[in-house]
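Data block below; observations after.
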There are 2 protein chains.
Amino acid sequence: MHLAETSQKNDPLTGTQRGAILWFTGLSGAGKSTLAEAVAPVLRGRGRRVEVLDGDEVRLHLSKGLGFSREDRDTNVQRIGYVAHLLQRNGVLVLTAAISPYRATRDWVRGLAGDFIEIHVATPLEVCEARDVKGLYRRARAGEIKEFTGISDPYEPPLHPELTLPTHELSREACVARVLQRLEELGYLTPTGA
Amino acid sequence: MHLAETSQKNDPLTGTQRGAILWFTGLSGAGKSTLAEAVAPVLRGRGRRVEVLDGDEVRLHLSKGLGFSREDRDTNVQRIGYVAHLLQRNGVLVLTAAISPYRATRDWVRGLAGDFIEIHVATPLEVCEARDVKGLYRRARAGEIKEFTGISDPYEPPLHPELTLPTHELSREACVARVLQRLEELGYLTPTGA
């Protein structure tokens, strides 16, 4: 990525740096929201406009009534993508945190937005299940939740993500540092000291 | 409004002018989308970030499956409000064009966003019906469309809109000029020559 520092991506209107979508994808409990919430203040500290679109919050505001069938999941992810795109094209760094299990649907958002950085929060199923922060895996194993990603519904990992974060091997700080470094390499963030 | 020119509303992050929601409300065929589309390029020409959220387009992307019951209309308007607010707080001038017939729901968006400019496109029913651009009034009168605003469903006009546009008495250019003037008065737009 030696080109990176010479190819800062700027907005033609304002001359400031372009927005982008940082699309965190991974299993329930992988750490998507936690990482997005950890990255957001750092980016704000660097003077950037930042929004976090959390999967659960977006379901409340945009997708109430949708379930977890493939069609409903796709609709939910497409809505997040649509809103993220509106923000991104107005200079915002948008961090989304939704399981977004289907490769084709994520690729649809990539095609919509262009400035799309896919971040695979690659926490293995057994680690997510051992954490079970919301108690959902236990309920899924008990058959109380149908269509649970990783248990009874597929998760299709990205084939060529811009970044993979093995959260079971890296500290949170190391994960945040990798996100920032990747944004710098891709020209969406000015390196400090540059 | 003599305070206006000394109270430009700036964003604390960037020092640039704040975003706002220009909420066009009125009957079907009143001219909401037409005016929003006419105002948008002028604002862009003044260097502002602008998004138009058209009611029909938003229904497609965010509210597919919703009908025209009071509850579904409210959900649709709340979704537009939520997305408009996300954009507005990131410095965008957001122009929405949805009938948004219920006062309480519009006031909900006002409370959410703060920077909310309610523009009543006050074209009388008989003028809208005579225009009948989409042929909807004819179908509503024939009973083919239930719950049609102004015919079989209420429209609650704003009590204290920031601006009222009687499109049947003013040219399109005059309406656009009034919107710009009001934005300047309210501190959301720098007057030309200032």
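Only the coordinates and a few stated rules stand behind these numbers; no lab work does. Computed from a predicted model, the values in this text were never measured in an experiment. Neighbour counts are summed over all protein chains in view; Cβ atoms, including those assigned to glycine, are modelled from backbone coordinates with ideal geometry.
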* Asked: Tally Lys and Arg at +1 and Asp and Glu at -1 over the other residues with C-beta under 14 Å from the C-beta of A:THR123: what net charge comes out?
  -> -1
* Structure fact -> Residues of region B:104-131 with backbone N under 11 Å of the label point set 7 Å from the Cα of B:ALA174 along Cα→Cβ are none
* With a/c under 1.5 counting as rounded, go ahead and sort region A:75-194 into rounded, prolate or oblate using the C-alpha gyration tensor (a ≥ b ≥ c being the square roots of the eigenvalues; past the cut-off, prolate if a/b is larger than b/c, else oblate). => oblate
* Structure fact -> Output row for B:GLU144: copy-to-copy label distances, label 7 Å along Cα→C-beta, ascending, in nanometres, one decimal, is 5.1
* Structure fact -> Listed residues B:LEU180, B:LEU136, B:LEU159; largest mean-square fluctuation, Gaussian network over chain B with Cα springs below 10 Å, found at B:LEU159
* Asked: How would you order B:144-151, B:93-100, B:73-80 from highest to lowest mean count of nearby Cβ atoms within 10 Å?
  -> B:93-100, B:73-80, B:144-151
* Asked: Which number do you get for Rg(Cα) / (2.2 N^0.38 Å) in region B:1-142?
  -> 1.11
* Antiparallel as a % of all DSSP beta bridges within chain B, to the nearest 5? -> 5
* Pop a pseudo-label 7 angstrom from the Cα along the beta-carbon direction at both B:ARG103 and B:SER152 and give the gap in nm to one decimal. => 2.6
* Structure fact -> Answer in debye to the nearest 20: the dipole magnitude of chain B about its Cα centre, from +1 Lys/Arg and -1 Asp/Glu charges placed on Cβ, is 340
* Structure fact -> With the label set 7 Å along Cα→Cβ, B:LEU66 is separated from its counterparts in the other copies, in nm and shortest first, by 1.3
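Assuming R0 = 45 Å, can you tell me the calculated FRET efficiency for the pair B:PHE68 and A:VAL42, based on Cβ-Cβ distance, to the nearest 0.05?
The computed FRET efficiency comes out at 0.50.
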* **Nonlocal Lys pairs with alpha-carbon distance under 21 Å, the protein assembly as shown (8 or more apart, or different chains)** => 9
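With charges set only on the Cβ (+1 for Lys and Arg, -1 for Asp and Glu), what does the dipole of the protein assembly as shown come to about its Cα centre, in debye to the nearest 20?
Roughly 80 debye for the protein assembly as shown.
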* What are the semi-axes of the equivalent ellipsoid of the protein assembly as shown, taken as the square roots of 5 times the eigenvalues of the Cα gyration tensor, listed largest first and rounded to whole Å? -> 40, 28, 16
* Structure fact -> Percent antiparallel among DSSP beta bridges confined to the protein assembly as shown, nearest 5, equals 5
* What's the local net charge at B:ALA40, with K and R +1, D and E -1, over the other residues with C-beta under 12 Å away? -> +1
* Which helices, taking whole DSSP H runs in chain A, have alpha carbons extending 18 angstrom or more along the helix axis plus mean Kyte-Doolittle at least -1.0? -> A:32-45, A:70-88, A:172-185
* Dipole of region B:17-185 [Lys/Arg +1, Asp/Glu -1 at C-beta], most positive-end residue of B:ALA140, B:VAL52, B:PRO124 -> B:VAL52
* Asked: Hey, how many Å between the Cα centroid of region A:150-180 and the Cα centroid of region A:65-87?
  -> 21
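Just add up the charged neighbours of B:THR164: K/R +1, D/E -1, any other residue whose Cβ is under 12 Å from the Cβ of B:THR164.
Working: positive: B:ARG178, B:ARG182; negative: B:GLU118, B:GLU162, B:GLU169.
Neighbourhood net charge equals -1.
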